[in-house]
2 protein chains.
Amino acid sequence: MTTAAPAPAPSSRDLPHPVRGEIRLEAVLHALSDPMRLQVVRELAAVSDELSCSHFDLPVTKSTTTHHFRVLRESGVIRQVYRGTAKMNGLRRDDLDGLFPGLLDSVLAAAAAQAVRLGSVAVR
Amino acid sequence: MTTAAPAPAPSSRDLPHPVRGEIRLEAVLHALSDPMRLQVVRELAAVSDELSCSHFDLPVTKSTTTHHFRVLRESGVIRQVYRGTAKMNGLRRDDLDGLFPGLLDSVLAAAAAQAVRLGSVAVR
DNA sequence: GCCGTACTACGATGCCTATCGTAGTAGTCG
DNA sequence: CGACTACTACGATAGGCATCGTAGTACGGC
């Protein structure tokens, strides 16, 4: 075993992500069709950086939050990594733009337009 | 009474559609997140004309087909009208483009790109 | 070493939905 | 009128999913 890959301790903390080629349009659309998940994606796109799960103050329990983040991750919309005790979430903009050019931007623009239209203009 | 609207016989054949302002992004994304419905929308966009329900040869029963067309209609993606015995379906491109500029086109492009990517290039 | 924080996993529940089959209604054509 | 076509409505079923609560695991600080 020359390579002697030290197997960086599976640690049971590695999260399964679809590789770019495995991302399916239907799954992405489904992930974005939930208001709570769409809101999360909008926030992530706004900061264009990673955010911890606890940063989001969603009106549901932690368990449900975990579930929504998992749907987003497994559909390929976000990437999740552990950083110490925190789990950071980042938008997979490169992969999404590569596979579906313009899709994410038009969805984000549509969400923003609708937020204005529905009078949610004042932040929340 | 001048108008004297003769009430063109409700006939129980008028189909409820959301007006433009009632169309919700989440509902549209959800409607498009089903493979069968996405396929229908792609065909409608390809012909840019009305198509009867029976034109589509979906691998499900008539009942299920009716259900899918209703989801598309109630979400505001398509418009349905009766023409004789046939029920014609047309994409509401104007309304969708007006509310969510570029969204429909990028979804259609993404669907086409994915179809190619998955090797479904040879028809079925 | 112990505790608090952050997040997960598991089990349960209720709703939504995709699917079917059967029966029924509207329109057209003979 | 009568048969045929096109589509709907209704009822049933099974699976998915958003939600919760509780219990558990990993990390970092004291």
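The values are calculated or read from the model by the stated rules, or taken from the named source; none is laboratory data. Keep in mind that this is a model prediction, so the values were computed, not measured. Neighbour counts are summed over all protein chains in view; Cβ atoms, including those assigned to glycine, are modelled from backbone coordinates with ideal geometry. Each accessible area value is taken on the protein alone, full model and side chains, heavy atoms only, with ligands, DNA and RNA left out. Shrake-Rupley method; radii C 1.70, N 1.55, O 1.52, S 1.80 Å.
Calculated FRET efficiency, A:PHE56 to A:ALA109, Cβ-Cβ distance, R0 = 25 Å: about 0.70 to the nearest 0.05.
Determine the distance separating the Cα centre of segment B:48-124 from the Cα centre of segment B:16-43; give it in Å without decimals. Going from one Cα centre to the other spans 8 Å. Note on exposure: A:ASP57, A:ASP97, B:ASP95 ranked by accessible area (1.4 Å probe, complete protein assembly) read A:ASP57, A:ASP97, B:ASP95, with the most exposed listed first. Surface listing: B:GLU26, A:GLU43 arranged by accessible area from highest to lowest gives A:GLU43, B:GLU26, probe 1.4 Å.
Of the solvent-accessible surface of chain A, computed with a 1.4 Å probe over protein heavy atoms with every protein chain present, carbon and sulfur atoms account for 57 percent. Summarising the amide proton neighbourhood of B:LEU58: residues at separation of 5 or more, or on other chains, whose placed amide H is nearer than 5 Å comprise an empty set. Only helices enter the 222 nm calculation for chain A: every DSSP H run of n ≥ 4 contributes -39,500 (n - 2.57), and dividing by all residues gives -13500 deg cm²/dmol, rounded to 500. Taken residue by residue and averaged, Cβ atoms of other chains lying within 10 Å of the Cβ of A:17-28 number 3.
Could you work out, residue by residue across A:98-108, how many beta carbons of other chains sit within 10 Å of that residue's beta carbon, and then give the average as an integer?
Details: counts 0, 4, 7, 4, 7, 9, 2, 3, 9, 8, 0.
The mean count of partner-chain Cβ atoms within 10 Å per residue comes to 5.
Surface burial for A against B, with a 1.4 Å probe and both sides summed, reaches about 1900 Å² of accessible area. Excluding ligands, DNA and RNA, the accessible surface per residue across segment A:20-112 is 47 Å² with a 1.4 Å probe.
Average partner chain C-beta neighbours within 10 Å, per residue of A:67-75? Display every interim value, and only then the final one.
Working: counts 0, 0, 0, 0, 0, 0, 0, 0, 1.
Shielding by partners across A:67-75 averages 0.
Taking all protein chains together and rolling a 1.4 Å probe, A:CYS53 ends up with roughly 40 Å² accessible.
Between B:ALA46 and A:GLN39, the distance separating the two model label sites (each 7 Å from Cα on the Cα→Cβ line) works out to 4.0 nm. Put B:VAL71, A:VAL107 in order of accessible area, highest first, and with a 1.4 Å probe you get B:VAL71, A:VAL107.
Using a probe of 1.4 Å, the accessible surface attributed to B:TYR82 totals some 80 Å² when neighbouring protein chains are kept in position.
Across chain B, the mean sequence separation of Cα contacts (distance under 8 Å, 6 or more residues apart), normalised by length, yields a relative contact order of 26 percent. Need one word for segment B:20-112: rounded, prolate or oblate. Basis is the Cα gyration tensor (sqrt eigenvalues a ≥ b ≥ c); a/c below 1.5 gives rounded, then a/b vs b/c decides. Prolate shape, in that a/c is at least 1.5 and a/b is the bigger ratio. Using a 7 Å projection from Cα along Cα-to-Cβ, the label point at A:ASP57 is separated from the same position in the remaining copies by 5.7 nm, smallest value first.
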